[in-house]
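Here's the structure we're looking at; comments come further down.
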Amino acid sequence: MLGPLKLHNKIFAMDHTDVDNVKPTDECHEVHNVDESDILVGKLFSSRDQAWYLYKGFAREHGFSARKGTTRLDVEGNVKTQEFYCSKEGFRVSKVNIIDRQRAHTPITRIGCKTRVIVTTTNTNDQWVISKSYQKHNHALCTPAMTPFMRSNRAVSKADIDEATTLKEVGVGTSQVMNYLTQQAGGYHNVGFTHKDLYNALQRDSTSRSDYICFGDVIVFDTTYKDNLYGQPIMPIVGVNHHHNTIVFATAIIADESSQSFE
């Protein structure tokens with residue numbers, strides 16, 4: 001029987017308040033920004049993905065959340081530059097404001113922060129380099145204790161989904177599953193996701209299972225989608241529903257495209 005896990009209420013509140021929208025409190029701090037552009041400019045990478053992983057880690061260490069931005073193409077249609085932004089870059093696109101709308105208004109997180117890096121292809125051995133960097137923010141940054149709860153730093157692993165699914169199948173509620181995974185990880189800061197993230201992941205997983213039961217008569221393995229950082233094919237397993245819409249049953253990373261890997 002899973003026992004209750006006593007955690008600080010302020011930490012659990014991260015499910016209900018977006019840590020990407022924090023204000024100067026004990027969870028974050030005002031920063032007199034020191035531009036650290038020099039430590040980034042000139043760094044070389046074997047791919048854009050590798051550059052993204054580095055900048056996402058840099059953002060986490062410095063208390064902000066990163067997101068992918070504009071790409072520019074060459075005359076042949078290949079990406080030649082990619083920008084990575086602070087998640088507060090730019091401004092939200094204004095939409096029609098319906099006064100009596102039922103949905104709650106989401107907090108405004110984009111406030112025109114200029115922090116970014118630009119990575120450019122070197123045309124030499126397919127390498128990429130950080131050609132420009134600007135690292136001065138116009139907002140408060142989170143403390144190290146709170147950065148794990150930023151959106152770009154949260155993810156539910158396949159192992160956690162499998163374990164949670166097994167517990168759900170024997171009647172354990174999502175909240176108890178979250179408590180169990182939290183205890184197993186040694187604390188809420190070490191889990192890597194929130195209660196809401198887990199709930200959404202389980203919903204997606206159960207939907208894929210249901211779709212496969214109903215529409216799994218014919219499936220397609222698409223190895224042309226993309227490769228991961230290590231050149232391994234990422235293979236979506238897809239089908240078609242009764243509305244002739246493409247549906248994704250699952251995705252997998254395979255070692256190569258040999259018959260043994262598919263088996």
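The values are calculated or read from the model by the stated rules, or taken from the named source; none is laboratory data. This one's a predicted model, so the numbers in the text were calculated from it and none came from an experiment. Neighbour counts run over all protein chains shown; Cβ positions are idealised from the backbone, glycine included.
Residues in the range 48-78 that are surrounded by fewer than 16 Cβ atoms within 10 Å (Cβ to Cβ) and aliphatic (A, V, I, L, M) were compared, and the one that is nearest to the chain's Cα centre (by Cα) is LEU73.
The residues of the range 52-94 that are touching a Leu at 6+ places or on another chain (Cβ under 7 Å) and either more than 16 Å from TYR134 (Cβ to Cβ) or of a type in the set (Asp, Glu) (or both), listed by number, are GLY63, VAL79, LYS80. Among the residues of the range 164-180, some residue qualifies, meaning at least one is among the aromatic types (Phe, Trp, Tyr), in contact (Cβ under 8 Å) with a residue 24 or more places away in the chain and either in a loop (DSSP other than H, G, I, E, B) or outside the structural domain of PHE64 (by TED's automatic domain parsing) (or both). Applying the set (1) under 23 Å from the mean Cα position of the chain (by Cα); (2) within 30 Å of MET178 (Cα to Cα); (3) at pLDDT below 85 to ILE111 leaves exactly one unmet item: (2). The set of residues in the range 27-56 being modelled with pLDDT under 50 and touching a Ser or Thr at 6+ places or on another chain (Cβ under 8 Å) consists of GLU27, HIS29. Contact map, the range 130-141: residues that are touching a residue at least 12 places away in the same chain (Cβ under 8 Å) paired with residues that are of a type in the set (Phe, Trp, Tyr) and surrounded by 15 or more Cβ atoms within 10 Å (Cβ to Cβ), Cβ distance under 6 Å, separation 6+ or inter-chain. Pairs shown: LEU141/PHE64. For the range 160-172, does any single residue satisfy the condition of being under 26 Å from ALA66 (Cα atoms) and at pLDDT 75 or above? Yes, the range 160-172 contains a residue that is under 26 Å from ALA66 (Cα atoms) and at pLDDT 75 or above. Scanning the range 183-200 for residues that are assigned to a helix (DSSP H, G or I) and either surrounded by 20 or more Cβ atoms within 10 Å (Cβ to Cβ) or not basic (Lys, Arg) (or both) turns up GLN183, GLN184, ALA185, TYR188, HIS189, ASN190, VAL191, HIS195, ASP197, LEU198, TYR199, ASN200.
Just one of the numbered conditions (1) over 22 Å from the mean Cα position of the chain (by Cα); (2) modelled with pLDDT of 85 or more is not true of ASP126: (2).
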